[in-house]
Amino acid sequence: MAALHPRGPKPSRLTAGQIGLYTFLILSALFFLLPLYTMLVTSLKTMEEIRQGRIFALPDSIDFGAWKTAWSGACMGTQCLGVRIGFWNSVKITVPAVAISVFIGAINGYALSFWRPRGSNLLFGLLMAGGLIPYQIFLYPLVRLLANLSLYNSVAGVVLVHVIFGLPLVTLLFRNYFVAIPEELCKAARVDGAGFWRIFFEIMLPMAVPMIVVASIFQFTGIWNDFLIGLVFAGRDNLPMTVQLNNIVNTTMGERAYNVNMAATILTAVVPLAIYFFSGRWFLRGVAAGAVKG
């Protein structure tokens, strides 16, 4: 009889805790996605539809005119060039700043992973605390320093400032990652004749790909979304996208174009959102492999 009526696994039922968890997650997702939905549908409406006050309604007909204006025709004061120039300025600032800070941070983390004297944990804690000090405190000294170096109001100056402020965190991320790698691996490489740089480039760096992705995402999003450093150090001709977005939103000539403002905001945010979306798997691997350990 048991063979005729095999007992399979009982169908699982949702418990009260699971229902509460799923409800919380759904409400949290709606909370964060609702502003994005509102921005998106508003950017696709004409001003006549926006005046009707149906803020959550879908557009009667999709209109990409606001997106074209936001990219190449939105006004910032007397100039109507859109966020296109700011986009390329942000690329010129972000790409080298991320590459330099991640590369130097990887070298520092690799070197510090072998340095374990008494009190090293206290020193690394102070390094982390120094990286968390608000950078507004250092603005005036940095302005004077870059002015003396003829780097003020230049892309190179903004890149240098971002590298300086990003190095403490990036160094600690790589240090904590490299500490978890068995030291015997490096000792075996030294026995085979490999030196400091060969071990770094041929062994440690290829193993640290997940951490490179994590550090790059942290740096990229922080630099791309930065407003204050770009405003202070970039100069009028090198303003990043976030500063130009602020100038567009605060420039009013007659009627305020809400659809253009929403389109410009989405254009400014789409790059870091895309990076998180396409590199999420690598990001989670890096975090799980030691990004928050140590």
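Between W115 and R13, the modelled labels are 6.1 nm apart [label points 7 Å from Cα along Cα→Cβ]. In this Cβ point-charge picture (+1 for Lys and Arg, -1 for Asp and Glu), region 144-294 has a dipole of about 180 debye about its Cα centre.
What is region 92-246 by shape, rounded, prolate or oblate, if you read a ≥ b ≥ c off the alpha carbon gyration tensor as root eigenvalues and call it rounded for a/c under 1.5, prolate for a/b larger than b/c, and oblate otherwise? Prolate, since a/c reaches 1.5 and a/b exceeds b/c. Given a Förster distance of 22 angstrom, what is the FRET efficiency for L30 paired with F227, based on the Cβ-Cβ distance and rounded to 0.05? Step by step, r from the Cβ atoms, then E = 0.20. Here the label points at L123 and R198, each 7 Å from Cα along the C-beta direction, are separated by 2.8 nm in the simple model. Taking 0.36 nm per residue of separation and subtracting the Cα-Cα distance, full extension of the segment from E183 to T38 would add 46.9 nm. Applying 1/(1 + (r/R0)^6) with R0 = 35 Å to the Cβ-Cβ distance of L139 and Y22 gives a FRET efficiency near 0.15.
Of the solvent-accessible surface of region 77-133, computed with a 1.4 Å probe and all protein chains present, 71% belongs to carbon and sulfur. On the principal axes of its alpha carbon atoms, the chain extends 90, 73, 31 Å, with the longest extent given first.
The values are calculated or read from the model by the stated rules, or taken from the named source; none is laboratory data. Since the structure is predicted, the reported quantities are computational estimates derived from the model, not experimental observations. With ideal geometry, Cβ positions are generated from the backbone for all residues, glycine too; neighbour counts draw on all protein chains shown. Please note that ligands, DNA and RNA were not included when accessible areas were found on the heavy atoms of the full protein model with its side chains. Shrake-Rupley method; radii C 1.70, N 1.55, O 1.52, S 1.80 Å.
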